[in-house]
Amino acid sequence: MYETTHIDDIDTSSCHRAGPPPPRSPPDERRPRHHPGCPLDAPDLGVDLLTLVGHKMEAPKGIAALYIREGVALEPLVYGGGQEGGLRASTENVALAAALGAAAQLAAEDLADGGPQRTATLRNRLHHGLTTRLPGRIHLNGPAEPRLPNTLNLSIDGIRGHELLAAIPEIAASTGSACHSGHHRPSPVLSAMGLPKTRSLAVLRLSLGRWSTADDIDRTVELITAACERRAGI
C-alpha cells in the first residue's frame, strides 16, 4: 500500500493475461530487480508487468522502466517508430535513461551495504522521539510490519496535517488529505482503512532518504513538537 508503505502480499494466480507464469528459475538464473527499500525479484513475484519509477530511487523525475514477462503482448502506447521495443515511438531520453540506470546501481549497492536497515533505524528514532515528546497524541497508520523502511505515516491529535506543515516550512513532507480550492478532504485510502475523518486529516507522512542523518531526525522532532505545543498553547 503506497500511502502507508505497508508491504502487501500479491496474489497473481487469477490475473495473468498470458497464462500462468513459468516455473521459478534456479537462483543463479533469476534476474533481481531492486527497490531502494527492499529486495525485489520480478520473476519471483510472478507478475506480468512491473513498473519501476525513477524518482523513488533518487533518479530524476520523468523516467521509469517497465518489466514485461515473456509471453505478455502489449498494445503500443504510441505508433510510429520502433523505439522502446516498438511500444512507444519517439526519440528516447538517453540522459534520463542513463540516470535511471545509475540510480538503480546505487540503490542495489546501498541495499547490499545495509542501507535499508540504517534508514529503518532512523525512522524508528523519529517515531520514538515524537511519541516521547508528544505522549498519547501520536498514532501510527497501518501495521508496524512489514513496511518500507523509509516512511512514517502517523496522525497527531489536535492539529491537522496541512496546518502543521504550514507551521514548519523547514520540513518537506506530505499529508493525508487532498486539497481542492482550499477544501481539505481525507485521503480515500485512509478512509477505506476505516480511519475517522479527524484522524485522516491529522496525517503527516514523513519520508527519509539515503542521506538522512540522526541530526536531521532530532531536528525534525524538535520542530514538530514545538509546532504542536504552540497549537495547544503550551
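Quick note: the coordinates plus some simple rules give every number you see, no bench work behind them. Nothing here was measured: the structure is a model prediction, and the numbers come from that model.
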Worksheet item: At 25 °C and 0.890 mPa s, what whole-number value in µm²/s does Stokes-Einstein give for the translational diffusion of region 92-234, with Rh from the Kirkwood sum over Cα pairs?
Response: 148 µm²/s
Worksheet item: log₁₀ I(q)/I(0) of region 127-208 at q = 0.12, 0.19, 0.25 Å⁻¹, via Debye over equal Cα point scatterers, no solvent, to two decimals?
Response: -0.33, -0.85, -1.41
